[in-house]
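Each remark here refers to the structure printed beneath this line.
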Amino acid sequence: MTELFLDLSNATVRSISVSEMANNIYLVTSKSDGSQLLIDAADDAASIDRLVDSAATDASVPTKLVGIATTHQHWDHIRALKEYVERTGVTTYAGAEDVEGIASGANVNIDVPLKQGDTVSVGTTVLECVHLRGHTPGSIAYVLRDEDGTTVILSGDSLFPGGVGNTQQDAQRFTTLLDDVTQRIFEQYPDDSLVLPGHGVTTTLGAERPSLNDWRIRGW
């Protein structure tokens, strides 16, 4: 994915892809008050600046970055986190079980550790936090349910087109992740929900649902 733009009733979602790992960085802008949340300050602060600038007219009032939410602790998703936090002073969010790893890997102390069922507010836009254990202990998917009926799942590296995230051939971790993805994502959200992963292209739950049993059988 090189660029994405969703124009919803209550919010916009923009994306760019950065680094040799082709990390997707997302920006959610609340139309009502211009508040913005960055999802994964993965790398390349200059490109993040351009992403934020591109959303300057996404609200009828001036926009302002108010937070950075990290999907998980892996190095390729946090390389620009320290620089962007120091530059902006915004609130940081991440899964509670990944806070220590982010502190070690990026030298950033997370302000708000997240658990299953927590929410992150972006102005009047609310993102649901879904804890998906397995890729990392504290991986979080952020789910936006817009007033127009659109559901957007920012899944990090826990769910992709064609399967769940890498669990290093650990059968227990794979089962845990697939169980969480099944119970906390597929059983909770409709088939037309958009899945925006940490790398690669967008998919929908409906496109992936028929393959859930195949994923379990193959074991990855």
Legend entry - Complete set of residues in the range 34-47 that are in contact with a helix residue (DSSP H, G or I) (Cβ under 9 Å, 6 or more places away or on another chain) and either surrounded by fewer than 23 Cβ atoms within 10 Å (Cβ to Cβ) or not in a loop (DSSP other than H, G, I, E, B) (or both): Gln36, Leu38, Asp43, Ala45
Legend entry - Residues of the range 1-11 classified as of a type in the set (Val, Ile, Thr) and open to solvent by less than 40 Å² (accessible area, probe 1.4 Å), total: 0
Inset, instruction - Determine whether Thr136 is over 21 Å from Glu3 (Cβ atoms), out of contact with any strand residue (DSSP E or B) (no Cβ under 7 Å at 6 or more places or on another chain), open to solvent by less than 10 Å² (accessible area, probe 1.4 Å) and at pLDDT 95 or above. - result: yes
Inset, instruction - Hey, could you check the range 181-208 for residues that are within 17 Å of His74 (Cβ to Cβ) and either in contact with a Gly (Cβ under 8 Å, 6 or more places away or on another chain) or of a type in the set (Val, Ile, Thr) (or both) and say which is surrounded by the most Cβ atoms within 10 Å (Cβ to Cβ)? - result: Gly198
Legend entry - Top-ranked residue in the range 189-220 [being without any contact (Cβ under 8 Å) to a residue 24 or more places away in the chain and not acidic (Asp, Glu); ranked as nearest to Leu27 (Cα to Cα)]: Thr204
Legend entry - Residues of the range 17-33 satisfying the condition of being surrounded by fewer than 20 Cβ atoms within 10 Å (Cβ to Cβ) and of a type outside the set (Asp, Glu): Ser17, Ser19, Met21, Ala22, Ser32
Legend entry - Criterion (modelled with pLDDT under 95 and open to solvent by 10 Å² or more (accessible area, probe 1.4 Å)) met by exactly one of Thr124, Thr175: Thr124
Legend entry - All positions within the range 58-75 that are within 19 Å of Met21 (Cβ to Cβ) and either touching a His at 6+ places or on another chain (Cβ under 9 Å) or surrounded by fewer than 18 Cβ atoms within 10 Å (Cβ to Cβ) (or both): Thr70, Thr71, His72, His74, Trp75
Legend entry - Only listed residue being basic (Lys, Arg), within 26 Å of Thr203 (Cβ to Cβ), open to solvent by 20 Å² or more (accessible area, probe 1.4 Å) and assigned to a strand (DSSP E or B), chosen from Arg14, Arg50, Arg79: Arg14
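The values are calculated or read from the model by the stated rules, or taken from the named source; none is laboratory data. Bear in mind the structure is a predicted one, so any value in this text is a computation, not a measurement. Reconstructed Cβ throughout: ideal geometry from the backbone, glycine too, with neighbour counts over all protein chains shown. Surface accessibility is based on the protein's heavy atoms, side chains included, excluding ligands, DNA and RNA. Shrake-Rupley method; radii C 1.70, N 1.55, O 1.52, S 1.80 Å.
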